Amino acid sequence: MTALLAISGAGGCGMVKTAAPPPPAVIRVPEDVPTIQKAVDRARPDDQVLVAPGVYRESVRISRERVVLRGADRNAVVIDGEFKRGDGVVVTGAGSVVQNLTVRNNLFNGVLFTGVTDPKFQGQGGSSGEYQAMDTTKFPPLNGFRASYVTAYDNGLYGIYAFDARNGLIEHSYASGHADSGIYVGQCDPCDTLVRGNLAEHNAIGAEFTNSSAGLQVIGNRFASNRVGVTMGSDTLEALAPQHGAVFAGNVVTANADARTPEQADGGFGIGIGVGGGVKNQILNNLVTGNPTAGVVITAANGFKPLDNHPTGNTLTGNGVDLAFTADPASGATGNCLAGNAAQSSVPADALSAACPLAAGGKLAPAVAPKGISFHDVPVPGPQAQAPAEFGTSAAVGVPPLVADPAKVAVPVDAGAVPQ
């Protein structure tokens, strides 16, 4: 805390100088403090909590601004919920960072970034209905967050979850075995959030972007072997609908039909990218392969109609149907277009060559959704790449490095890799 020094001159006149704040400290767990929670409680803005290898059976809450929580070894620093605690890490302190560690076996979420400071609303997520009465004035968005080189697996709802948060970065992370989605960004407008270089596999849904709008960029990730790869859509369970203006570019979305995954309540299966009631989203230069229901589906959802969505420059192969527009023609869904992609099949059947915008929808034949497994039982992932030693030891400050021209992001050439 800033100290004040009074310096008296001749005649008793004084002046007050503000002392420089102390330099950021490194608080070591368990060397300096026995638990992660006690360490983050001690931390001041810009301090780093450095955690030694070990299994930490606790739930951590970071409420102070600009705290860096960093594991010394991504695979060996484990925050374990033991299938009895709600969340692994909850961050409500603006500008704080979670990096280079593993979070597993929580009943709700692995890592949650949120401006919602009332704990009764934090843990359960939009699927519980708890967010129906969310007051975005009472709970303004968390301004600034970062998850880097985080492994999240076998948590009951979400792996890395940003809700009512903006100016964020989710990068180089891994998520598997989640009964809702591996990565979730919801209820932000503008979002000004970049999701890049992540791998989400063996989840009910690889990634969900619900009521997450302007300034959301999802670039260079791999969503593979989930039940559904990615959803972007509008929902009344959260504020700030309809979802609009997001960018989804340069991603690999492949083989999303894994039966050995948790079931999600809506029952989707075999879809690469689903846009449900979204507006003016850019879906650019992605590689979408091997999804047995459809590669990209644009449809209505939750009373919201899709408007002005135009996937373009994408390479789609080996999907049940490559591109599909299934909104009811009577719904007023206008301005959507499927032309301009390297694709072989579409619904309606002539949509690849039809004049845009499309005037009519069609019907899909969905792949049969097999019975899933418990999130407890999804196999433990292998070792994941460490954060570089010099990477990100200072807290996140300001707007993340959004891509200036997403149309220039290249189409990935390798369906088995995480794009760079």
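Remarks
- Among all residues of segment 376-389, there is at least one that is more than 23 Å from the chain's Cα centre (by Cα) and hydrophobic (A, V, I, L, M, F, W, C).
- Residues in segment 264-323 that are among the hydroxyl-bearing types (Ser, Thr, Tyr) and either in contact with an Asp or Glu (Cβ under 8 Å, 6 or more places away or on another chain) or assigned to a strand (DSSP E or B) (or both): Thr289, Thr299, Thr312, Thr315, Thr317.
- Every residue from segment 230-255 that is in a strand (DSSP E or B) and touching a helix residue (DSSP H, G or I) at 6+ places or on another chain (Cβ under 8 Å): Val247, Ala249
- Segment 133-156 - residue that is hydrophobic (A, V, I, L, M, F, W, C) and closer than 16 Å to Pro119 by Cα and, of those, modelled with the lowest pLDDT: Ala133
- None of Val347, Val368, Val380 is β-branched (Val, Ile, Thr), touching a residue at least 40 places away in the same chain (Cβ under 8 Å) and closer than 20 Å to Leu316 by Cβ except Val347.
- Checked against the criterion of being closer than 27 Å to Gly372 by Cβ, among the polar types (S, T, N, Q), within 15 Å of the chain's Cα centre (by Cα) and modelled with pLDDT of 95 or more, the candidates Ser225, Ser212, Ser234 yield just one match: Ser212.
- No other residue among Gly206, Gly186 is touching a helix residue (DSSP H, G or I) at 6+ places or on another chain (Cβ under 9 Å), part of a strand (DSSP E or B) and touching a residue at least 12 places away in the same chain (Cβ under 8 Å) apart from Gly186.
- Extreme residue, surrounded by the most Cβ atoms within 10 Å (Cβ to Cβ), among residues of segment 209-225 that are assigned to a strand (DSSP E or B) and of a type in the set (Gly, Ala, Ser): Ser212
- Condition check for Leu402: surrounded by fewer than 19 Cβ atoms within 10 Å (Cβ to Cβ) and not small (Gly, Ala, Ser): yes
- The strands (runs of 3 or more DSSP E) found wholly in segment 48-101 and carrying at least 2 residues that are hydrophobic (A, V, I, L, M, F, W, C) and surrounded by 19 or more Cβ atoms within 10 Å (Cβ to Cβ) occupy 48-51, 60-62, 68-71, 77-80, 87-91.
The values are calculated or read from the model by the stated rules, or taken from the named source; none is laboratory data. Since the model is a prediction, treat every value here as computed from it, not as a measurement. We place every Cβ from the backbone using ideal geometry, glycine too, and count neighbours over all the protein chains shown.
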